[in-house]
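To start, the structure under review is shown below, and the notes come after it.
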Amino acid sequence: MRKKINVKNKKVIIGLSGGIDSAAAAYLLKNEGYEVIGVTFNFLNVENTINAARKVADKLKIEHHVLAAQKQFREKVIDPFVAGYKQGETPNPCMLCNQNMKFKLLGEFATANGDAMIATGHYAEVRKHENTYQLWASSNPNKDQSYFLYHLDQDLLGRLLFPLNGFESKAAVREIILGLLPELSRGKESQGICFIPKKGHGLFLKDALFGNNPTVSGNFVDATGKILDRHPGIYQFTTGQTRGLGIKSDKRLAVVEVIPATNTVVLDEEKALYQSRILVDELIVQSQNGLPETGFTFKTCRWGHEYEGRIEWLSRNQAIVHSLVPVRAPAPGQALVFYQGRQVLGGGIIKRF
């Protein structure tokens with residue numbers, strides 16, 4: 001359990017999704033003496049989600065606002081997600097949403113409400129060191145979400161609360177709201193991409209990439225460009241994929257690149273996926289001491305292994321990360337996030353050379 005804070009009538013704006021984590025976070029903050037105001041963003045006109053958040057606010061007896069942001073969500077999340085796939089990348093929509101929507105809008109709403117604090121149901125930690133704020137990975141590595149938050153600046157970090165940091169399990173979080181909202185405490189965790197129907201990822205991409213064009217099939221080629229076979233559509237393949245290729249070969253093949261411009265899927269032996277040099281763009285350095293040349297670790301996905309590396313700066317916001325151990329399939333469009341122990345130093349977006 002996290003240590004209670006002695007606060008009286010301190011106002012905090014919490015992102016209230018209607019899910020277990022944000023409900024538990026709001027409950028904890030209210031019990032600690034905060035004046036809690038729930039904010040639910042209407043990104044997709046999903047009434048079930050909005051109604052679930054309203055129910056949580058009603059049960060907690062807290063003020064609640066629903067903010068319409070459908071147009072911004074399409075422009076800042078859905079459109080860049082589709083554009084990334086059209087360039088053969090694999091963008092992370094949750095990362096786009098956190099960076100371009102959720103925290104930005106929470107910050108704006110909090111500023112308009114007396115420079116209030118901000119809270120979410122993420123599993124991470126903020127620490128103050130001298131006159132600066134640091135983002136740290138959650139003490140619960142199985143729930144840690146710091147990978148998605150490397151973009152947070154000093155203004156946001158200084159106002160941010162993560163009430164769920166330190167909980168040892170999801171069961172412990174569920175227990176918090178069992179008496180308050182028993183039906184919610186028994187609910188399943190949300191998974192997948194919110195704007196794509198369940199099990200509809202391929203169909204969404206097919207429509208986004210090809211529209212009404214009936215020609216979606218293309219060529220499998222090897223690293224030299226030699227045609228190996230035909231594939232049913234690039235929307236069915238991602239970098240690193242080895243299963244479900246539908247092609248016969250004496251070698252264990254993997255997808256090493258998807259090229260939408262020519263409707264091509266490049267295959268090679270799995271060893272070709274491993275890279276020791278990773279180009280990173282749009283770098284954000286969160287640490288006030290900057291990024292050290294060495295002495296850090298990095299991840300290329302939330303659940304990924306932490307690698308040791310060395311950084312070679314190319315410009316103010318672009319660098320090559322040299323990994324001491326080759327990394328399997330660092331996917332263009334995904335984030336690479338730097339750590340020093342549990343502290344988040346910053347991150348950026350993986351690009352092709």
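The values are calculated or read from the model by the stated rules, or taken from the named source; none is laboratory data. Not measured: the values here are computed from a predicted model. Quick reminder, even Gly has a Cβ in these numbers, built from the backbone with ideal geometry, and neighbours come from all protein chains shown. Just the protein is used for accessible areas: all its heavy atoms, side chains included, with ligands, DNA and RNA removed. Shrake-Rupley method; radii C 1.70, N 1.55, O 1.52, S 1.80 Å.
Data overview
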read-out: Of the criteria (1) within 27 Å of THR49 (Cβ to Cβ); (2) open to solvent by less than 70 Å² (accessible area, probe 1.4 Å), which one ILE234 fails; value: (1)
read-out: Any chance PHE73 is among the aromatic types (Phe, Trp, Tyr), in a helix (DSSP H, G or I), crowded, with 21+ Cβ neighbours inside 10 Å and within 23 Å of the chain's Cα centre (by Cα); value: yes
read-out: Qualifying residue in region 94-111 (condition: assigned to a loop (DSSP other than H, G, I, E, B), touching a residue at least 12 places away in the same chain (Cβ under 8 Å) and either on the phi < 0 side of the Ramachandran plot or crowded, with 21+ Cβ neighbours inside 10 Å (or both)); value: no
read-out: Candidate set: region 283-305, residues that are surrounded by 14 or more Cβ atoms within 10 Å (Cβ to Cβ) and modelled with pLDDT of 95 or more; chosen: the one nearest to THR132 (Cα to Cα); value: VAL285
read-out: Only listed residue being touching a strand residue (DSSP E or B) at 6+ places or on another chain (Cβ under 6 Å) and not aliphatic (A, V, I, L, M), chosen from TYR123, TYR147; value: TYR147
read-out: The lone exception for GLN318 - which of (1) free of Cβ contacts under 8 Å to residues at least 24 places away in the same chain; (2) closer than 25 Å to GLN87 by Cβ it fails; value: (1)
read-out: Selected residue (criterion: nearest to ASP229 (Cα to Cα)) from residues of region 306-324 that are aliphatic (A, V, I, L, M) and open to solvent by 50 Å² or more (accessible area, probe 1.4 Å); value: LEU324
read-out: Within region 130-187, considering residues that are open to solvent by less than 30 Å² (accessible area, probe 1.4 Å) and of a type in the set (Gly, Ala, Ser), the one nearest to the chain's Cα centre (by Cα); value: SER146
read-out: Test result for VAL221, within 27 Å of LYS104 (Cα to Cα) and aliphatic (A, V, I, L, M); value: no
read-out: For ILE227: the one exception among (1) farther than 30 Å from TRP313 by Cα; (2) in contact with a Gly (Cβ under 8 Å, 6 or more places away or on another chain); (3) surrounded by fewer than 16 Cβ atoms within 10 Å (Cβ to Cβ); value: (2)
read-out: Test: residue in region 266-282 that is of a type in the set (A, V, I, L, M, F, W, C), open to solvent by 60 Å² or more (accessible area, probe 1.4 Å) and over 23 Å from LEU205 (Cα atoms); value: no
read-out: Count of region 17-52 residues which are in a helix (DSSP H, G or I) and farther than 22 Å from ARG159 by Cα; value: 7
read-out: The lone exception for ILE118 - which of (1) outside any loop (DSSP other than H, G, I, E, B); (2) open to solvent by 10 Å² or more (accessible area, probe 1.4 Å) it fails; value: (2)
read-out: Check on LYS86, touching a helix residue (DSSP H, G or I) at 6+ places or on another chain (Cβ under 6 Å) and farther than 24 Å from ASP153 by Cβ; value: yes
read-out: Selection status of GLY347, buried (at least 20 other Cβ atoms within 10 Å of the Cβ) and small (Gly, Ala, Ser); value: yes
read-out: Scope region 254-303; condition of a type in the set (A, V, I, L, M) and touching a Pro at 6+ places or on another chain (Cβ under 7 Å); matching residues; value: ILE278
